[in-house]
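Q: Shown below is the structure under consideration.
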Amino acid sequence: MGLQYMIYNTLLTGASTPSPLTQGSASTYVHWGMKTCPNVTTTTMVYSGQAAGGHYQDTGSGEYICLPNDPEYDKYNQINDDHRSLMYGAEYETNQNPPALGDLFQNDAPCSVCLARGKTTLMIPGRTSCFNGWTEEYQGYLMGEHHGHQGKGYVCMDKNAEALHSSYANLNGALFYNVEGRCGTLKCPPYIEGAELACVVCSNLT
């Protein structure tokens, strides 16, 4: 019996036969700032790596990504060519009045990609806890580039983030800054002027 027929039959007759599209479902998320995945049931690590992105001054910089620690190359040369998109490691920039993670200033940031079997995962900004029916994978602080730099989106950095080996150096590639609210178009209350935003990554059984 074909998949197309099964879906059509379900729509036509209201049959309760589960669609193969939902079987063995899973989702992935990045555990920013940590070399391993949270110790959550059915959550396993796909790989451990280094947080990276475009240089904070490059107008063509891309979003934050998690590069694996064991890269493989296809064809390449070792010529520095300006006609390329450029990738840099990411550092913590947490020295200005840090509410947390100040001890990681100028260190490189690790990351890990995690597989949540049978779950849907969601990063919720501005929360320290999950909504009802959701399970916490990890909790942390919302981080992104400085407001004057090229944006890369926002990530949820684990509140217990660690350094990537002995990496203290002011090399300034991609950078992570705390994110704080500004009142006006952002409604205050419930938000607080100048308060660093928290975040939480949650999962829900699918």
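The values are calculated or read from the model by the stated rules, or taken from the named source; none is laboratory data. These numbers were taken from a predicted model, which means no experiment stands behind them. Cβ placement follows ideal geometry from the backbone for every residue including glycine, while neighbour counts extend to all protein chains displayed. Keep in mind that these areas ignore ligands, DNA and RNA; they rest on the heavy atoms of the full protein, side chains included. Shrake-Rupley method; radii C 1.70, N 1.55, O 1.52, S 1.80 Å.
Q: Only Cα pairs under 8 Å and at least 6 apart count here; give the relative contact order of the range 62-117 as a rounded whole percent.
A: On the way: 30 pairs, mean separation 16.6, N = 56.
Answer for the range 62-117 is 30 percent.
Q: Additional query: Which order, highest average first, do 147-153, 120-126, 27-33 follow once you tally other Cβ atoms within 10 Å for each residue and take the mean per peptide?
A: On the way: 147-153: 13.4, 120-126: 16.1, 27-33: 21.6.
Final packing ranking: 27-33, 120-126, 147-153.
Q: In the range 122-200, carbon and sulfur make up what percent of the accessible area (probe 1.4 Å)? Can you show the working numbers first?
A: Numbers: 2340 of 4460 Å².
Ligands and nucleic acids excluded, carbon and sulfur give 52 percent.
Q: From the square roots a ≥ b ≥ c of the eigenvalues of the alpha-carbon gyration tensor of the range 72-190, which class results: rounded (a/c under 1.5), prolate (a/b over b/c), or oblate?
A: On the way: a/c = 1.80, a/b = 1.39, b/c = 1.29.
Prolate.
Q: Please give the helix 3-13 orientation as an angle from the longest Cα principal axis of the chain, in degrees from 0 to 90, rounded to the nearest 10.
A: Result, in degrees: 60.
Q: Let me ask something else. Going Cα to Cα from K35, which aspartates and glutamates come in below 14 Å? Please leave out same-chain ones fewer than 8 positions away.
A: D70, D108, D158, E162
Q: Note down the magnitude of the dipole of the range 137-206 about its Cα centre, charges +1 on Lys and Arg C-beta and -1 on Asp and Glu C-beta and zero elsewhere, to the nearest 20 debye. It would help to have the intermediate numbers written out before the result.
A: On the way: 4 positive and 7 negative charges, 36 e Å.
Approximately 180 debye in magnitude.
Q: Let me ask something else about it. Summing +1 for each Lys or Arg and -1 for each Asp or Glu, what net charge is found among the other residues whose Cβ lies under 11 Å from the Cβ of A52? List each step's numbers first, then the result.
A: Numbers: positive: K152; negative: E63, E91, D108.
Net charge around A52: -2.
Q: Can you order the peptides 109-118, 83-92 by their average number of other Cβ atoms within 10 Å per residue, highest first? All intermediate terms of the calculation are to be shown ahead of the outcome.
A: Details: 109-118: 22.0, 83-92: 16.7.
The densest-packed peptide leads the list: 109-118, 83-92.
Q: What label, among (i) 18.6; (ii) 19.2; (iii) 17.4, belongs to Kirkwood radius over Cα pairs in Å computed from the structure on display?
A: (ii)
Q: Now a separate question. Based on the alpha-carbon gyration tensor of the range 133-173 and its eigenvalue square roots a ≥ b ≥ c, which shape applies: rounded if a/c is under 1.5, prolate if not and a/b is larger than b/c, or oblate? Don't skip to the end; give the middle numbers.
A: Working: a/c = 3.81, a/b = 1.36, b/c = 2.79.
Oblate shape, in that a/c is at least 1.5 and b/c is the bigger or equal ratio.
Q: Less than 10 Å Cβ to Cβ from P38, Lys/Arg counted +1 and Asp/Glu -1: what total charge do the surrounding residues give?
A: On the way: positive: none; negative: E136, E137, D158.
Net charge in that neighbourhood comes out at -3.
Q: To the nearest 20 debye, what charge dipole does the chain have about its Cα centre, counting +1 at the Cβ of each Lys and Arg and -1 at the Cβ of each Asp and Glu?
A: On the way: 10 positive and 19 negative charges, 158 e Å.
With only Lys, Arg, Asp and Glu charged at Cβ, the dipole is about 760 debye.
Q: Taking only protein heavy atoms into account and a 1.4 Å probe, give the accessible area per residue of the chain in Å².
A: Working: 12650 Å² over 206 residues.
For the chain, the per-residue accessible area is 61 Å².
Q: Just going by the charge dipole of the range 68-121, with Lys and Arg at +1 and Asp and Glu at -1 on Cβ, which of N95, P110, Y76 is farthest out on the positive end?
A: Of N95, P110, Y76, it is P110.
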